[in-house]
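Single-structure report; data block below.
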Amino acid sequence: MKVLVVNNAAPFIRGGAEELADHLVRKLNATHGVQAELLRVPFAWAPRERLIDEIVMNQAFQLYNVDRVIGLKFPAYLIPHENKVLWLLHQFRQAYDLDIAGQGHLGDDPDGRAIQGAIHRADDQCFADCRKIFVNSPTTQGRLKKFNGFSSEVLYPPLNDEELFVPGEYGDYIFAGGRVAPGKRQHLLIEAMARTKGGLRLVIAGPPETAEYAAELEALIERLDLKEKVELKFGFHPREDIARWAAGALACAYLPFDEDSVGYVTMEAFACAKAMLTVEDSGGLLEIVSDSTGAVVAPTAQALADGMMRLADPARARKLGAAAKTLWDEKGVTWHETIRRLLA
């Protein structure tokens, strides 16, 4: 079977979806009787009018010598094929829930609403033509049903490089890995650190989405005099380094706004037996992150500081971290089962 995985490509921006696509192709090629390749389609969502061109371009693709297509993200999943399966990581949320939350960029004028309508129609046609629709979490499943009326099956992404993420010692820092962006709210973690006491530190590691946000974080550390308490490790890091920082942390932190799934940062933390600090509007994380496996607080600097201080107790951090690892292990998410379902 020749399988083509299709995903969008925002040049020089890399996150969990890109990691998942690479590992999916690798695992498919390790499956007997399967040949797989990854097709990344360049995608830009600004200016908003460009979205119509993106839709038309992807709908016009013609694929040859392909037995199965696995689509991941908009608009690449619009590429037509008679034997297409979706593993929906998320739709173009600016046309859906983020628009309702006031975080979209399409606008409320007639042109903006027309573009939003075009996205909805393209999605609905694509979903209707698919052989099967999988989603990466109950959160994504709920959005798909609410906005488009389509049913789906939850298929959790397995942990990448699972052999690297194992429990380690409990250090004196909270580790916040992943993409550094306003939507991930690392600035709130820094502001919270200014309100903590004792020797607790914060380590932030990941590629900045923009140079402006990276500079904002650096300036915030300078203004709050936190150079001794907060370390910024900007850039793409080897997976071995990410695993080492997670395994050696006292706890981990991740503050996305309404994340689609539990997220790789969460999975990696739980595999390393680390409690997770997050906030009440972080979405998919809350499926497994609770006060039994970490700390869930309001998205304010003071609430986060209080949560940090609770996790600063080594005995509490160990107990919650052990519960986190047990919960993740019990889910039994494996690449073998994932590939079986995608190819069925």
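Amide H to amide H distances under 5 Å link residue 171 with 249, 250, where only residues 5 or more positions off or on other chains count and H is placed in the peptide plane. Site pair residue 49 and residue 161 shows an inter-label distance of 4.3 nm when each label is modelled 7 Å from Cα along Cα→Cβ. Among the listed pairs 184/325; 274/331; 73/145; 197/227; 274/319; 2/145, a Cα-Cα separation exceeding 19 Å is found for 184/325; 2/145.
With the cut-off at 1.5 for a/c, could you classify segment 1-64 from its C-alpha gyration tensor as rounded, prolate or oblate? Note, shape of segment 1-64 comes out oblate. Pick out which of 109, 22, 172 has the largest mean-square fluctuation in a Gaussian network model of the chain, springs linking Cα atoms closer than 10 Å. Result: 109 has the largest fluctuation of those listed.
By the Kirkwood approach, averaging reciprocal distances over each pair of separate Cα atoms, segment 283-344 gets a hydrodynamic radius of 13.6 Å. Between the helical axis of 138-148 and the longest alpha-carbon principal axis of the chain there is an angle of about 40 degrees.
This model, with +1 at the C-beta of Lys and Arg and -1 at the C-beta of Asp and Glu, gives segment 85-161 a dipole about its Cα centre of some 280 debye. Working from label points 7 Å from Cα in the Cα-to-Cβ sense, the residue 333 to residue 1 distance is 2.2 nm. Accessible surface for residue 13 stands near 60 Å², nearest 10, in the context of the full protein assembly shown (1.4 Å probe). Computed from Cα positions, the angle between helix 314-331 and the longest principal axis of the chain comes to roughly 20 degrees. Legend: calculated FRET efficiency, residue 309 to residue 146, from the Cβ-Cβ distance at R0 = 35 Å, rounded to 0.05, equals 0.40. Between residue 125 and residue 195, full extension at 0.36 nm per residue minus the direct alpha carbon distance yields a gain of 20.1 nm.
The label point for residue 61 and the one for residue 211, both projected 7 Å from the Cα toward the Cβ, are 3.2 nm apart. Give me the angle, in degrees from 0 to 90, between the Cα long axis of helix 110-129 and the longest principal axis of the Cα atoms of the chain, rounded to the nearest 10. It is inclined by approximately 70 degrees. Residue-wise HN-Hα couplings along segment 220-230, as the Karplus relation 6.51 cos²θ - 1.76 cosθ + 1.60 with θ = phi - 60° gives them from phi, are 5, 4, 5, 5, 8, 6, 10, 4, 7, 10, 10 Hz; Gly and Pro carry x.
The values are calculated or read from the model by the stated rules, or taken from the named source; none is laboratory data. This one's a predicted model, so the numbers in the text were calculated from it and none came from an experiment. Heads up, the Cβs are rebuilt from the backbone with ideal geometry, glycines too, and the neighbour counts pull from every protein chain shown. The protein model used for the area step is the full one, side chains on, heavy atoms only, and it has no ligands, DNA or RNA in it. Shrake-Rupley method; radii C 1.70, N 1.55, O 1.52, S 1.80 Å.
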